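Here is the structure we will look at.
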Amino acid sequence: MHDYTMFAEGDRVLVGVSGGVDSLTLACVLKIWQKKAPIHFDLTVQYIAHDFWRKYGGVADPGESISRQLRKVSLEVSIADEWPINEADRTCYLCSRNRRSQLFDIARKQGYNKIALGHHKDDLIETFMLNAIYSGNISTMVPRQDLFGGTLSIVRPMAYLDKDEVGAIAAGLQLVAVDSLCPLAADTRREKVRSLLQTLYQEEPAARNSLFAALANVRKDYLL
């Protein structure tokens, strides 16, 4: 939060939640931090609802579960339907871009200047590996990214925490992930990279921290 000056006095912060334990944890942590922070900022939680759950008989609405859990820490959830996507063309990239654009649109229309997302250290490492393996570039998500001439910033307050640490916080807060029900969820490039990294970490436990440190230690003179 301090390294990247993520929040400032008077910020209006939109927290994007997907129903995953990471974003639920972020929402709760920011609510707790809001109470003790030396600055004032507004906090709103936004869930963009896809319609996968409607295609399964007897499956509960994920938005209801998300709302119920976050009410425990006095957070209300704003729910918006996902912008239409041609199901025949749906990919993880297209879906993610569509939901991100929708968050941008909500932030612009409702006057939010920060969007907080629940990505953690492992997400940043995985993105780095994904871009290197599949896109041929060296890049990742960053803890703070200023957009549109600085009028909107994406912040990732949990960027220094690994997934296990986030899981421990979630357990302490009694948060439970809501199933996405996406038919592509278990068969993505990110899942493949995650599996490769887990194999690496089992053999080289220090590799996670080394890879993360490497993202801030780029020796440009030794790149093509």
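The values are calculated or read from the model by the stated rules, or taken from the named source; none is laboratory data. This one's a predicted model, so the numbers in the text were calculated from it and none came from an experiment. Using ideal geometry, Cβ is built from the backbone for each residue, glycine included, and neighbour counts are taken over all protein chains shown.
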Cβ-Cβ under 8 Å, sequence separation 6+ or interchain: first residue in the stretch 149-161 and touching a residue at least 24 places away in the same chain (Cβ under 8 Å) and farther than 16 Å from residue 21 by Cβ, partner outside any strand (DSSP E or B) and hydroxyl-bearing (Ser, Thr, Tyr). Which pairs? 152/112; 155/4
Take the stretch 124-157 and flag every residue that is charged (D, E, K, R) and part of a loop (DSSP other than H, G, I, E, B). 156
Report yes if some residue within the stretch 72-86 is over 16 Å from the mean Cα position of the chain (by Cα) and aromatic (Phe, Trp, Tyr); otherwise report no. yes
Residue, farthest from the chain's Cα centre (by Cα), within the stretch 87-119, restricted to residues that are in a helix (DSSP H, G or I) and of a type in the set (A, V, I, L, M, F, W, C): 88
Scanning the stretch 21-59 residue by residue, those in a loop (DSSP other than H, G, I, E, B) and either loosely packed, with under 14 Cβ neighbours inside 10 Å or modelled with pLDDT of 95 or more (or both) turn out to be 37, 38, 39, 40, 41, 51, 56, 57, 58, 59
Looking at the stretch 4-20, which of its residues are exposed (fewer than 15 other Cβ atoms within 10 Å of the Cβ) and within 15 Å of residue 146 (Cβ to Cβ)? 5, 8
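Condition check ((1) surrounded by 15 or more Cβ atoms within 10 Å (Cβ to Cβ); (2) free of Cβ contacts under 8 Å to residues at least 24 places away in the same chain; (3) not small (Gly, Ala, Ser)) across all residues:
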site: 61; (1), (2), (3): no, yes, yes
site: 70; (1), (2), (3): yes, no, yes
site: 92; (1), (2), (3): yes, no, yes
site: 105; (1), (2), (3): no, yes, yes
site: 116; (1), (2), (3): yes, no, no
site: 137; (1), (2), (3): no, yes, yes
Of the residues in the stretch 162-173, those that are free of Cβ contacts under 8 Å to residues at least 60 places away in the same chain and part of a loop (DSSP other than H, G, I, E, B) number 1
Within the stretch 178-204, how many residues are at pLDDT below 95 and in a loop (DSSP other than H, G, I, E, B)? 11
Tell me, yes or no, whether the stretch 79-88 has at least one residue that is in contact (Cβ under 8 Å) with a residue 40 or more places away in the chain and among the hydrophobic types (A, V, I, L, M, F, W, C). no
